[in-house]
Amino acid sequence: MKHLLKLLDLSQEEILDLLNLADQLKYERKHNIPHPHLAGKTLGMIFQKASTRTRVSFETGMTQLGGYPLFLSANDMQIGRGEPVQDTARVLSRYLDGIMIRTFAQKEVEDLAAYGSIPIINGLTDFCHPCQVLADLMTIREYKGSFEGLKMCYIGDGNNMANSLIVGGLKVGMEVAVACPDAYQPDKQVLDFANPTGKFTMTNKPIEAAVDADVIFTDVWASMGQEGEAEQRKIAFAGYQVNDELLGAAHAECMVQHCLPAHRGEEITAEVFEAHANEIFDEAENRLHAQKAVLVKTLGAR
C-alpha cells in the first residue's frame, strides 16, 4: 500500500489486512513486545487543522515503531503562505520517509501524493477521515467478533465521518443505514459507490435508520470550520440525537461510537454517552493501533 488517501481506494482485503496488523500491534503493545519496524524513519505531520487525537496518536505511534515524528504547523511552513503544494511535496520527499496531513481540501492530499515520491497519509480532510474509520472498524470487530451480518447506523451530518463510515462499512460487508437531513447528505461520490451495493439505505428519519442496528455512530453537528453555522445546524439537526428512544429501535446489545469530541446534550445525550463510554474510549485508543498499522504498511515492510 503506497498511500492512504481515502477508503474508496482500498479493497476489502487491504482493509482487513490493516485491521489484522492493528490487532497484532495492539497485542504486542499490551504485552510490552517491542516492534521497531520504522527505526530510522521520519514522518512529517502537517497540520492545517488543529487536533488532539490525530497528533498525539500519530506522534506516539511513530515513536513506538522506532521512528521520529516531526510536527509541522501550517502557520510555520511556506505551504501556509502560498507555496504550491506540488513544490512542498517535492521538497519534503527529499527530507522525509512519509507525510501525514490533516487539512481541508481532499485535493491537497491527492496532490501531495501525485507530486511527491513518498507515502502520504490522510489524517483528515473535509471529504473523509479514513484513519478514524479504520479505528472504528477495529473496535466493532473487537466487540462483535466479525462484521458478518452486522448493521451499522449513522445519525447526523453527512460529513467526512459519514462519507468514510459508509465506504468502510460497506467494504467490509456490513449493512449501512444513514439518517441525515435532506440538506446535509453525504458526498455524491460516496452515494454513487454505496447505492448499487444493495446494502445501503439513506433516510431523513433517524428511528427508521436505527431499526435492528448493531452499532450506531454519530458526530458533532457543526464540525471544525463550521462554527458560524452552529445555531442554524442546531435547528436542522434537532431530531437527530442519539438517545434512549433511538436506541430502543436498535438491537439490545447495540454499540454506540463517537469519533470525539462529543457535545453532550446535542448529537448524543450524556446518559447514552456515559453508558457506552468504554466502547467510545476503546475506539479512541484504537486510533493509535490502526494508525500504526497504516504507518507500517506505507512507510516500511513488516
Ala177, sole failed condition from (1) closer than 26 Å to Lys26 by Cβ; (2) surrounded by 20 or more Cβ atoms within 10 Å (Cβ to Cβ): (1)
Name the single residue, out of those in the stretch 56-70 being in contact (Cβ under 8 Å) with a residue 24 or more places away in the chain and in a helix (DSSP H, G or I), that is farthest from the chain's Cα centre (by Cα). Gln64
Can you pull out the residues in the stretch 39-87 that are in contact with an Asp or Glu (Cβ under 7 Å, 6 or more places away or on another chain) and at pLDDT below 95? Val85, Gln86
Considering only the stretch 248-260, I want to know if a residue exists there that is under 15 Å from Val220 (Cβ atoms), surrounded by fewer than 18 Cβ atoms within 10 Å (Cβ to Cβ) and modelled with pLDDT of 95 or more. yes
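Please list, ordered by residue number, the strands (runs of 3 or more DSSP E) wholly in the stretch 112-181 having 1 or more residues that are in contact with an Asp or Glu (Cβ under 8 Å, 6 or more places away or on another chain).
151-155, 175-179
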Please pick out the residue among Ala290, Ala284, Ala213, Ala209 that is out of contact with any Ser or Thr (no Cβ under 7 Å at 6 or more places or on another chain), more than 30 Å from Ile118 (Cβ to Cβ) and either of a type in the set (A, V, I, L, M, F, W, C) or not assigned by TED's automatic domain parsing to the domain that holds Lys151 (or both). Ala213
Answer with yes or no whether Thr125 is loosely packed, with under 15 Cβ neighbours inside 10 Å and within 22 Å of Glu283 (Cα to Cα). no
Against the condition in a helix (DSSP H, G or I) and without any contact (Cβ under 8 Å) to a residue 40 or more places away in the chain, how does Gly228 come out, does it pass? yes
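Name the residues in the stretch 71-101 that are crowded, with 16+ Cβ neighbours inside 10 Å, of a type outside the set (A, V, I, L, M, F, W, C) and free of Cβ contacts under 8 Å to residues at least 60 places away in the same chain, would you?
Thr88, Ser93
The values are calculated or read from the model by the stated rules, or taken from the named source; none is laboratory data. Just so we're clear, the structure is a prediction, and the values are computed from it rather than from any experiment. Quick reminder, even Gly has a Cβ in these numbers, built from the backbone with ideal geometry, and neighbours come from all protein chains shown.
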